Amino acid sequence: MSRVSIPFSTNDLSALARALRDQLLQCDHTPSHLELLNILARCAGHRNFQSLRAQASAENLLRQAQPAPPPVDYVLVKRLAGYFDRRGRLERWPAKETLREPCLWVFWSRLPVKQDFNEAQLSAQLRADHLFGDHALLRRELCDRSLLSRTADGRQYRRVERQPPAAAVALIRHLAARQETAGGRAQ
């Protein structure tokens, strides 16, 4: 039978030492290996050693079950960032289809969650975030790519909650950080 490593950590070493001392003082004999394991587990806030081991095993299984995050193409993110000005506004619509979608995710990320917009409100938001003067193109693209939903009559729009691709997340974060830096210098 192979041994499984069980991590043991504490946020407060002093509290652990006090709890350990108190538990050892209650023993009228030298504790066995299993008793020491149980004492240590209780000092760390677990019911006993079996509870600590079950917690570590479950955490390990869940960690293995989670897929690794997809790699980010930072060269692509740098290229995409070139389409935006210092204030995070899209300066021109990318000619290549592969560059358009990550740019649309930036607009998506700036729309409030679970809020309905009429066409005028959405158009105003899109106008503020781009410089090439075609908010209708952006609105249409966001709807066509299912980043926005709209009612059949086209009067109400709402952001569709989805997980952006890794490159889009990196671009959104980069633009937000760049915007903070540019805003910090202007003040």
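The values are calculated or read from the model by the stated rules, or taken from the named source; none is laboratory data. Model, not experiment: these values are computed from the prediction. Please note: Cβ atoms are built from the backbone with ideal geometry, for glycine as well, and neighbour counts cover all protein chains shown.
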*asked:* If I ask for residues that are surrounded by 10 or more Cβ atoms within 10 Å (Cβ to Cβ) and either of a type in the set (Ser, Thr, Tyr) or in a helix (DSSP H, G or I) (or both), which ones from region 4-31 would you list?
replied: 10, 15, 16, 17, 18, 19, 20, 21, 22, 23, 24
*Say whether the condition of being surrounded by fewer than 14 Cβ atoms within 10 Å (Cβ to Cβ) and more than 24 Å from the chain's Cα centre (by Cα) is met by at least one residue in region 62-73.*
no
_Suppose the filter is surrounded by 13 or more Cβ atoms within 10 Å (Cβ to Cβ) and of a type in the set (Gly, Ala, Ser); does residue 56 pass it?_
yes
*Take the residues in region 90-110 that are under 14 Å from residue 130 (Cα atoms) and aliphatic (A, V, I, L, M), then tell me which one is surrounded by the most Cβ atoms within 10 Å (Cβ to Cβ).*
106
*asked:* Quick test of your reading of the structure: residue 118 fulfils all but one of (1) more than 30 Å from residue 75 (Cβ to Cβ); (2) touching a Ser or Thr at 6+ places or on another chain (Cβ under 6 Å). Name the failing condition by number.
replied: (2)
_Given the condition over 27 Å from the mean Cα position of the chain (by Cα), in the same structural domain as residue 164 (by TED's automatic domain parsing) and not aromatic (Phe, Trp, Tyr), answer yes or no: does some residue in region 94-105 qualify?_
yes
_residue 59 vs. criteria modelled with pLDDT under 90, farther than 26 Å from residue 171 by Cβ, outside the structural domain of residue 150 (by TED's automatic domain parsing) and of a type in the set (Asp, Glu)_ = yes
*Can you pull out the helices (runs of 4 or more DSSP H) entirely within region 115-187 that have at least 1 residues that are surrounded by fewer than 16 Cβ atoms within 10 Å (Cβ to Cβ), in the same structural domain as residue 91 (by TED's automatic domain parsing) and in contact (Cβ under 8 Å) with a residue 60 or more places away in the chain?*
166-186
